[in-house]
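The values are calculated or read from the model by the stated rules, or taken from the named source; none is laboratory data. These figures come from a predicted structure and were not determined experimentally. Using ideal geometry, Cβ is built from the backbone for each residue, glycine included, and neighbour counts are taken over all protein chains shown. Note: accessible area is taken over every heavy atom of the protein model, side chains too, but ligands, DNA and RNA are not part of it. Shrake-Rupley method; radii C 1.70, N 1.55, O 1.52, S 1.80 Å.
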Amino acid sequence: MTTFQYTKDPNKRYHTWNYALRQQFGEKVFKVPLDGGFDCPNRDGTVAHGGCTFCSVSGSGDFAGNRIDPLPIQFQKEVQMMHQKWPNVTKYIAYFQNFTNTHAPVEELRHKFEQVVNEQGVVGIQIATRPDCLPDDVVDYLAELNQRYYLWVELGLQTIHEETSQLINRAHDYQTYLTGVEKLRKHNINICTHLINGLPGESVEMMLESTRRMILDSDIQGVKLHLLHLMKNTKMVRDYHEGRLELMDQDTYVNLICDQLEMIPPEIIIHRLTGDAPRDTIIGPMWSLKKWEVLNAIDHEMKQRNTFQGAKNSRK
């Protein structure tokens with residue numbers, strides 16, 4: 001039996017999102033992915049053109065609702081689909097996933113978010129965005145939402161390394177991320193930071209350094225660790241063909257994740273350790289499509305090491 005404090009599952013040695021939601025609401029809750037019809041500042045010319053080189057035409061939300069549908073319709077369709085697997089779930093988090101969901105005037109944000117937060121069963125809202133899209137009036141509105149609902153803001157950091165940032169066209173620097181975190185935490189807003197493992201030119205040591213600096217430098221409550229998926233029709237395909245990108249193998253990824261988990265304080269919620277990608281759009285790594293096999297391998301490696309999340313806590 002595991003002695004890790006943030007689990008009731010003897011196979012889990014890290015602080016899962018499922019455990020956190022059950023502790024918060026007393027039952028299973030699932031996220032309902034929505035497409036709010038937003039763009040990104042590094043796609044529309046605000047700060048750059050073309051978007052991040054790993055990003056597909058649908059942004060980060062390949063499984064979100066269809067943006068041509070009104071948001072309440074998207075919500076209902078996604079809930080109906082999820083009920084095929086979890087028929088007894090009655091509580092939901094509205095997840096604005098695609099592109100940059102604060103990249104609009106605050107009046108537009110209010111109009112879109114308020115369309116779904118009052119849908120039956122919605123207990124929270126999660127908003128994926130960029131740290132350079134948090135003007136004061138938007139942060140004030142997020143603070144208002146935080147008083148009314150269980151709110152998470154997901155910030156795409158991806159890497160702390162500026163050379164990688166330039167290569168992937170992230171179009172903001174690390175200090176911008178730190179400033180964004182500070183602005184949100186002044187209002188006690190929960191933050192989930194998103195890192196990508198396997199970006200072009202990055203060694204395992206660089207990925208571990210991103211984890212270490214993120215933990216030491218920023219007051220965050222959640223982490224999303226994600227394998228780089230090389231998608232068709234993205235600019236990163238050129239990096240792959242020209243030898244600047246080597247796709248990770250499963251063993252390397254599993255060991256890296258376990259190393260990262262050991263560094264992350266145990267109270268920080270792990271929102272994700274791998275990701276999904278549509279089979280017909282992914283170039284690789286193809287092993288990543290076997291999501292549960294990867295997660296089981298992580299559990300096995302943590303057990304083999306007899307280790308837990310936070311065993312080598314960077315904040316100690």
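Return the residues of segment 169-197 that are polar (S, T, N, Q) and assigned to a strand (DSSP E or B); say none if nothing qualifies.
Selection gives ASN190, THR193, ASN197.
Could you pull out the residue among ASP259, ASP276, ASP280 that is closer than 20 Å to CYS55 by Cβ and touching a residue at least 24 places away in the same chain (Cβ under 8 Å)?
Numbers: ASP259 fails: closer than 20 Å to CYS55 by Cβ; ASP280 fails: touching a residue at least 24 places away in the same chain (Cβ under 8 Å).
The conditions single out ASP276.
I need the helices (runs of 4 or more DSSP H) fully contained in segment 198-267, keeping only those with at least 2 residues that are of a type in the set (Ser, Thr, Tyr) and open to solvent by less than 10 Å² (accessible area, probe 1.4 Å). Walk me through how you get there before you give the answer.
Details: elements: 204-217, 236-241, 250-263.
Qualifying helices (runs of 4 or more DSSP H): 204-217.
What number of residues within segment 227-276 satisfy the criterion of being touching a Leu at 6+ places or on another chain (Cβ under 9 Å) and hydroxyl-bearing (Ser, Thr, Tyr)?
Adding up the residues that qualify gives 3.
When the residues of segment 118-130 are narrowed to those that are outside any loop (DSSP other than H, G, I, E, B) and either charged (D, E, K, R) or under 25 Å from LEU216 (Cα atoms) (or both), which ends up nearest to the chain's Cα centre (by Cα)? Break it down into steps so the answer makes sense when it comes.
Keep residues of segment 118-130 that are outside any loop (DSSP other than H, G, I, E, B), which gives 122-129.
Now narrow it down to the ones that are either charged (D, E, K, R) or under 25 Å from LEU216 (Cα atoms) (or both): 126-129.
Numbers: GLN126: 10, ILE127: 10, ALA128: 8, THR129: 10 Å.
Here the residue is ALA128.
Would you be able to tell me the number of residues in segment 67-101 that are part of a loop (DSSP other than H, G, I, E, B), open to solvent by less than 80 Å² (accessible area, probe 1.4 Å), over 23 Å from VAL138 (Cβ atoms) and touching a strand residue (DSSP E or B) at 6+ places or on another chain (Cβ under 7 Å)?
2
Looking at segment 138-159, is at least one residue more than 22 Å from ARG43 (Cβ to Cβ) and in contact with an Asp or Glu (Cβ under 8 Å, 6 or more places away or on another chain)?
So far as segment 138-159 goes, no, none of its residues is more than 22 Å from ARG43 (Cβ to Cβ) and in contact with an Asp or Glu (Cβ under 8 Å, 6 or more places away or on another chain).
Counting just the residues of segment 11-46 that are of a type in the set (Lys, Arg) and surrounded by fewer than 15 Cβ atoms within 10 Å (Cβ to Cβ), which one comes out farthest from ILE73 (Cα to Cα)?
Here is the first cut: in segment 11-46, the residues of a type in the set (Lys, Arg) are 12-13, 22, 28, 31, 43.
Checking the rest, the ones that are also surrounded by fewer than 15 Cβ atoms within 10 Å (Cβ to Cβ) come to 22, 28.
Details: ARG22: 27, LYS28: 23 Å.
The extreme case among them is ARG22.
Pairs under 6 Å by beta carbon, first residue over 14 Å from ASP35 (Cα atoms) in segment 103-118, partner in a helix (DSSP H, G or I), six or more apart or different chains?
Once the first residue is over 14 Å from ASP35 (Cα atoms) and sits in segment 103-118, its partners that are in a helix (DSSP H, G or I) give VAL106/ASP137; VAL106/VAL138; VAL106/TYR141.
Exactly one condition in (1) within 16 Å of ILE196 (Cα to Cα); (2) touching a strand residue (DSSP E or B) at 6+ places or on another chain (Cβ under 7 Å); (3) open to solvent by 10 Å² or more (accessible area, probe 1.4 Å) is false for ILE283; which is it?
(1)
Does segment 287-316 hold any residues that are open to solvent by 20 Å² or more (accessible area, probe 1.4 Å), among the aliphatic types (A, V, I, L, M) and either modelled with pLDDT under 95 or within 13 Å of GLN260 (Cα to Cα) (or both), and which are they?
Hits for segment 287-316 are LEU289, ALA311.
For segment 131-160, what are the residues that are open to solvent by 20 Å² or more (accessible area, probe 1.4 Å), touching a strand residue (DSSP E or B) at 6+ places or on another chain (Cβ under 7 Å) and not in a strand (DSSP E or B)?
Of everything in segment 131-160, just one residue is open to solvent by 20 Å² or more (accessible area, probe 1.4 Å), touching a strand residue (DSSP E or B) at 6+ places or on another chain (Cβ under 7 Å) and not in a strand (DSSP E or B), namely TYR149.
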